[in-house]
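Have a look at the structure below, then the notes.
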Amino acid sequence: MTRKKISIITGWGDGLGNGHLQRMANLASYLNSRGFHASIVSENRPELFPGDALQFFSGKILPGTDLIIRDMRDSETGEIESLKKYAPVLAVDDSGPGRKSADFNLTLLPNPPGSGMGQPSYNMFIYGYNITREIKMMGKEKIHKSMDVSFYLPHDIIENPDSILKILPDGMNVAIISHRGHVILKNGSTMPLNKNHAEILLSSRLLICHFGITLFEGHLSGCRLATINPTGYHSSLSDAVKPELGLENLGIYPGIKPDSKKIISGLVASSISESADPSKINDRIQENLDRLHGFLLNDCLN
């Protein structure tokens, strides 16, 4: 049987962040493990992955590709039509005009108001490559929730610790997750934290972040959730996902709600559990990928 070829179009940095790339790298890894030849189309190799992930990248659309998956939101009609010259196109979370030209559509994230994208298929949500890899390495030992609060926010907020300290109740253990190195925040100063991304999330009672894939990873890890968003767009998406994730939206930076300290104190006190089980979390990640695998086979590649 000939291996099905899937070429993935995505992006990162600037206004896209890293979430699209993280989930598409995870999808590429999974599909290759299931006998596909899946590759992310990019001449650049991102630095946020370990070296073994670089095998999932190629400089061009695979010759004879059977399906193109495009995950970048907001496509133009001409862009989708040009991709269709190579193969049928699956548009993921695409609210642009090109959505109507795609052969298939898949919605995994909440939608901007009036987008007409329908309800998200959260049971096929794709988590990030790095957290999936780290959780697999953690085994079955439960992780105690020893960290009160973890932050994952845009650099301009994180680099101003005073903006964080003013909304935190006294005496809390606080971690800051950053691509530049994770740290513990104490008395306005920072110290290195020797834990990876997954370990911090699984050991946290509350995660405060902006809207993005990390918000869903925090929910997966058993964290209570709150958002501080950089734009009204991100804030509206946070509001849209409230019923699913049970989060508190603290506002658009720097206009944080005046009672944020009280809200944070309540969220930490009402922690969902005292520990997290990496093996059960890994099962959840794989179950979602299995369902997505079935969707691709039955709807896009039959």
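The values are calculated or read from the model by the stated rules, or taken from the named source; none is laboratory data. This structure is a prediction, so every number in the text was calculated from the model and none was measured. Cβ coordinates were reconstructed from backbone atoms using ideal geometry, including for glycine residues, and neighbour counts include every protein chain displayed. Each accessible area value is taken on the protein alone, full model and side chains, heavy atoms only, with ligands, DNA and RNA left out. Shrake-Rupley method; radii C 1.70, N 1.55, O 1.52, S 1.80 Å.
Show that you can apply the helix-only estimate: for the chain, add -39,500 (n - 2.57) for every DSSP H stretch of four or more residues, divide by all residues, and state [θ] at 222 nm to the nearest 500.
That calculation yields -9000 deg cm²/dmol at 222 nm.
So who's got an amide H within less than 5 Å of the one on LEU108, skipping anything under 5 residues away but keeping other chains? H placed 1.01 Å off N, in plane.
ASP93, SER121
Which value results when the Cα radius of gyration for the range 1-105 is divided by 2.2 N^0.38 Å?
1.02
Can you compute the modelled spin-label distance between LYS186 and MET137, with each label point 7 Å from Cα toward Cβ, in nm?
Result for the modelled spin labels: 2.6 nm.
Just the projected area, averaged over all directions, of the convex hull on the alpha carbon atoms of the chain: how many nm²?
Computed as one quarter of the Cα hull surface, the answer is 15.6 nm².
In a shell of Cβ-Cβ distance under 9 Å around GLU248, excluding GLU248 itself, what net charge do Lys and Arg (+1) and Asp and Glu (-1) give?
+3
Quick check: Cα centre of the range 283-301 to Cα centre of the range 59-88, how many Å?
20 Å
For the residue pair LYS85 and PHE295, what label-to-label distance in nm results when each label sits 7 Å from Cα along the Cα-to-beta-carbon direction?
2.9 nm
Answer with one residue from MET24, ILE6, PRO97: the one whose Cα lies farthest towards the positive end of the charge dipole of the range 1-121, charges on Cβ with Lys, Arg +1 and Asp, Glu -1.
Highest projection toward the positive end goes to ILE6.
Taking just the C-alpha trace of the range 152-302, give me its Rg and Dmax in Å.
16.7, 59
Within the chain, which whole H helices from DSSP have a Cα span along their axis of at least 20 Å and a mean Kyte-Doolittle hydropathy of 1.6 or more, if any?
none
How large is the accessible surface of ARG224 in square angstrom, using a 1.4 angstrom probe and rounding to the nearest 10?
Roll a 1.4 Å probe over it and ARG224 shows about 50 Å².
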